[in-house]
Structures are given as C-alpha cells and as structure tokens.
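The values are calculated or read from the model by the stated rules, or taken from the named source; none is laboratory data. Everything numeric in this text was worked out from a predicted model, so none of it was measured. Note: ideal-geometry Cβ built from the backbone for every residue, glycine included; neighbour counts use all protein chains shown.
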C-alpha cells in the first residue's frame with residue numbers, strides 16, 4: 001500500500017509529532033510512505049525512517065496581500081497535484097485545517113481516497129479569512145475526517161458531514177529507554193509544562209496562575225518554542241516570577 005502524508009511543515013509541534021509517528025510506524029509495517037510538506041525539510045524536527053520518501057515543496061512563502069495569497073495558493077495546489085500524480089498513492093492523509101483544504105482542492109477529481117485530520121480547537125481557532133468559508137465547502141469531499149475528541153466531533157459537525165467524522169485520539173507512546181532527560185539543575189519541587197509557545201496554548205494564563213499560587217516557591221519549567229516566547233518571558237518578569245520560571249526551548 002502506498003500512503004502519502006501531507007502537512008505544512010515538520011517543525012516542532014504536536015501534529016507534526018503525530019505525523020512522524022504514523023509515518024515511521026507504517027513504513028515499518030511494509031507500507032510505502034511519502035511525506036510531503038510545503039515548508040523546507042531543513043526545518044524538520046522529528047526523526048524520520050530513511051525508508052520514507054520525503055518531499056519538501058519549498059512553497060511556504062508569506063502572503064502579504066490577497067493577490068499574493070491567491071497566487072501562492074494556486075501554485076501550491078498545482079504542485080501538490082503534480083506530486084500526487086508522481087507518488088501514485090493508494091490513500092492520502094492531510095493534517096491541519098488550511099493544509100486539509102489545500103489538499104482537498106488539489107485532489108479534486110482524482111480517484112484517490114483522502115483523509116483529513118483536525119488537530120486544534122475548531123471553535124476557538126478557526127482557519128483565517130477565506131479559509132473558514134472554504135472549509136464547509138471542501139470538507140464534504142474528504143472520504144473521512146478525523147478529530148481528536150468527542151467534543152471536537154460535536155464542534156466539527158458545524159462544517160463537516162457527521163457520517164464522515166471519526167474520533168481517533170493522539171497516540172500515547174512508551175518512553176524509550178535510550179531517551180536522555182534534559183540536563184537541568186533545578187531545585188525541587190518543580191512543575192513541567194510542554195507545548196508550542198503560541199496564543200492558543202494559554203501559557204500566559206499558566207504564568208498568571210502560577211504567580212498567584214506559588215507560595216512554596218516551586219519552579220516552573222516550560223519546554224517548547226514559538227513566537228510568544230519573548231512576550232511570555234516579559235510577562236514572567238512583570239509578574240515577579242522570572243527567577244522561578246525556566247524556558248528551555250524544544251526537547252526531542
């Protein structure tokens with residue numbers, strides 16, 4: 001069986017981690033796996049089995065205007081369609097809302113089953129602009145739509161046919177014995193929080209809550225990177241807890 005997986009990038013992130021897990025698992029099961037991103041492979045964070053065919057389209061340019069966005073999206077759709085013709089998959093799976101819509105547009109008319117997966121809170125963080133209007137128009141074209149929770153399924157009925165929705169939680173993988181813990185010298189006790197440093201993760205709320213209940217002087221370790229790091233570090237300083245909060249970046 002030939003499986004083609006599609007995601008915007010393979011940088012550090014939860015959906016990206018699940019994508020790498022699925023790709024590595026399926027290739028060990030004898031499947032032919034192709035993993036396609038719009039982003040460059042230079043930014044790949046998670047290790048991939050050498051038997052996986054990795055295709056980076058290098059089409060992750062910003063779109064500062066509607067006209068540029070239209071041109072960029074058209075190029076991506078055309079290039080994705082060409083890639084699907086080349087990889088000749090038996091099934092295509094896409095992750096994340098905008099990438100899902102782009103993939104469904106690129107596969108329109110092709111006789112290949114397409115599965116799309118949502119990995120965010122669709123109510124709180126809908127796709128931007130025109131993409132939010134395109135989602136209910138394009139998602140019925142998918143053969144199956146995967147969400148992570150029962151609550152996610154209820155939210156997804158607003159833009160997807162219910163009979164195509166399936167709840168499949170993220171896998172919980174065992175810790176490998178070879179994994180080495182990060183080299184941190186912290187006083188006990190401490191709390192660890194992990195995730196992308198972006199608004200939807202709510203690290204600002206975590207810092208505010210931590211500042212109000214840290215009477216015993218615990219330490220807070222935040223693992224992850226993102227655009228919000230500088231503002232979160234500034235918030236920790238303003239809350240007077242910078243000495244107790246440790247931002248240590250990405251950890252594999």
Item to check | Selection count, segment 146-170, where residues are in a loop (DSSP other than H, G, I, E, B) and without any contact (Cβ under 8 Å) to a residue 12 or more places away in the chain | outcome: 1
Checklist outcome for this item: Residues of segment 71-96 being surrounded by 16 or more Cβ atoms within 10 Å (Cβ to Cβ) and on the phi > 0 side of the Ramachandran plot, in sequence order, are 96
Checklist entry - If you take the residues in segment 174-183 that are out of contact with any strand residue (DSSP E or B) (no Cβ under 7 Å at 6 or more places or on another chain) and at pLDDT below 75, which one is nearest to residue 235 (Cα to Cα)? => result 183
Checklist entry - Where residues in segment 97-129 are within 17 Å of residue 73 (Cβ to Cβ) and surrounded by fewer than 13 Cβ atoms within 10 Å (Cβ to Cβ), which of them is modelled with the highest pLDDT? => result 108
Checklist outcome for this item: Among strands (runs of 3 or more DSSP E) completely within segment 186-252, the ones holding 3 or more residues that are under 21 Å from residue 14 (Cα atoms), in contact with a strand residue (DSSP E or B) (Cβ under 8 Å, 6 or more places away or on another chain) and modelled with pLDDT of 95 or more are none
Next on the checklist: Being at pLDDT 95 or above and either crowded, with 17+ Cβ neighbours inside 10 Å or closer than 21 Å to residue 83 by Cα (or both) narrows it down to one residue among 49, 44; which is it?
Outcome noted: 49
Next on the checklist: If I filter segment 127-145 down to residues being outside any helix (DSSP H, G or I) and in contact with a strand residue (DSSP E or B) (Cβ under 8 Å, 6 or more places away or on another chain), which single residue comes out as nearest to residue 104 (Cα to Cα)?
Outcome noted: 142
